[in-house]
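Below: the structure, in structure tokens.
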Amino acid sequence: MHAGLVTSRPAPLTRPDGSPIRAVVVDDEANLSDLLRMALQNEGWEARTAANGQEALNVIREFAPDLLVLDIMMPGLDGMELLARIRAAGNDVPVLFLTAKDAVEDRIAGISAGADDYVTKPFNLEEVVVRLRGMARRHVAAVADADPRLRVGDLTLDEESYEVERGGIPIKLTAKEFELLRYLMQNPRRVLSKAQILDQVWSYDFGGNGSVVEIYISYLRKKIDTLGEPLIHTVRGVGYTIKAS
């Protein structure tokens, strides 16, 4: 197995709300699971490990991962049975099987059981990370397409109903406030300049300048940040961003 970490990669993938991708590695070989955990953390993801199937069930329940890496041959609750329980519970989290069983029949059995990919040991670490990155990208896109709501922390914005709420509390916004908030939430953790905001939200047709952005940012802060921890942040000299701590 090649242990070199990926040294070049595209911008980190995130969940639709801008938070890190979550992954769980389940393997009774501690050195291997720790290696994978570090590789995924190097991607900017949150990664946890579990040494067996029963421990994995608890981690999955608490952590709500976006991806699972499962060893098939584990003592007690093995990977196949663990996947069966996950799917029976209605959890469609993408799963990559990692196993020493390399027969064609084993691959077919793994995919038929509900796994999304199958890699045999010994493996190339960079290849596994690339495969997981692709699975994460498809999962994030599917989640985003299926849900018209944008989320940042406990703040949600429904693009279809034009409803906004934070922590279950409805927030009334004007049309322009809604457009500004939507643009920020479509780009979580990305710092947007006044020029970018003016172009996207006002299209430069209002005959004003960057001060209107400051005014509307203050309007949003009064309606949103007073309901909890600050979500809208100023990056001095650069612009504005929305993110949960």
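List the relative contact order of the stretch 89-186 as a percent without decimals, with contacts defined as Cα pairs under 8 Å and 6+ residues apart. Please report the intermediate quantities before stating the final value.
Numbers: 82 pairs, mean separation 16.6, N = 98.
So the answer I get is 17 percent.
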Worksheet item: Using a ≥ b ≥ c from the Cα gyration tensor of the chain (square roots of the eigenvalues), is it rounded, prolate or oblate, where a/c under 1.5 gives rounded and otherwise the larger of a/b and b/c decides, a/b for prolate?
Response: prolate
Worksheet item: Across the stretch 62-69, in residue order, what do the Karplus-derived ³J(HN,Hα) couplings come to in whole Hz, using 6.51 cos²θ - 1.76 cosθ + 1.60 with θ = phi - 60° and x for Gly and Pro?
Response: 7, 9, 6, x, 8, 8, 10, 10
Item to complete: Would you please classify the overall shape of the stretch 149-242 from the alpha carbon gyration tensor, given that a ≥ b ≥ c denote the square roots of the eigenvalues, rounded means a/c under 1.5, and beyond that prolate means a/b larger than b/c while oblate covers the rest?
Response: prolate
Practice prompt. Would you please give the residues with an amide H less than 5 Å from that of Glu163, counting only those at least 5 places away or on a separate chain, with H modeled from the backbone geometry?
Written response: Asp158
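Let's see if you can work this out: charge +1 on each Lys and Arg Cβ, -1 on each Asp and Glu Cβ, no other charges. What is the dipole magnitude of the stretch 91-197 about its Cα centre, in debye to the nearest 20? The partial results should precede the final answer.
On the way: 16 positive and 18 negative charges, 108 e Å.
Taking the Cα centre of the stretch 91-197 as origin, the dipole is about 520 debye.
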Fill in: Mean Cα-pair separation over length for the chain, i.e. relative contact order, pairs under 8 Å, 6 or more apart, %
16 percent
Item to complete: Between Lys172 and Phe63, with labels modelled 7 Å along Cα→Cβ, what's the label distance in nm to one decimal, could you check?
Response: 4.4 nm
Worksheet, complete the sentence: Residue by residue through the stretch 192-199, the couplings from Karplus 6.51 cos²θ - 1.76 cosθ + 1.60 with θ = phi - 60°, in Hz, x for Gly and Pro, are 9, 6, 4, 5, 5, 5, 4, 5
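How charged is the neighbourhood of Leu32? Take every other residue with its Cβ under 13 Å from the Cβ of Leu32, and add Lys/Arg as +1 and Asp/Glu as -1. Could the numbers behind the result be given before it?
Values: positive: Arg37, Lys121; negative: Asp27, Asp28, Glu29, Asp34, Asp71.
Here the count lands on -3.
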Item to complete: Report, in debye and to the nearest 20, how large the dipole of the chain comes out about its Cα centre when Lys and Arg carry +1 and Asp and Glu carry -1 on their Cβ.
Response: 900 debye
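Since every read-out is calculated from the coordinates, none of them should be taken as a lab result. This structure is a prediction, so every number in the text was calculated from the model and none was measured. Here the Cβ is made from the backbone with ideal geometry for all residues, glycine too, and neighbour counts use every protein chain on show.
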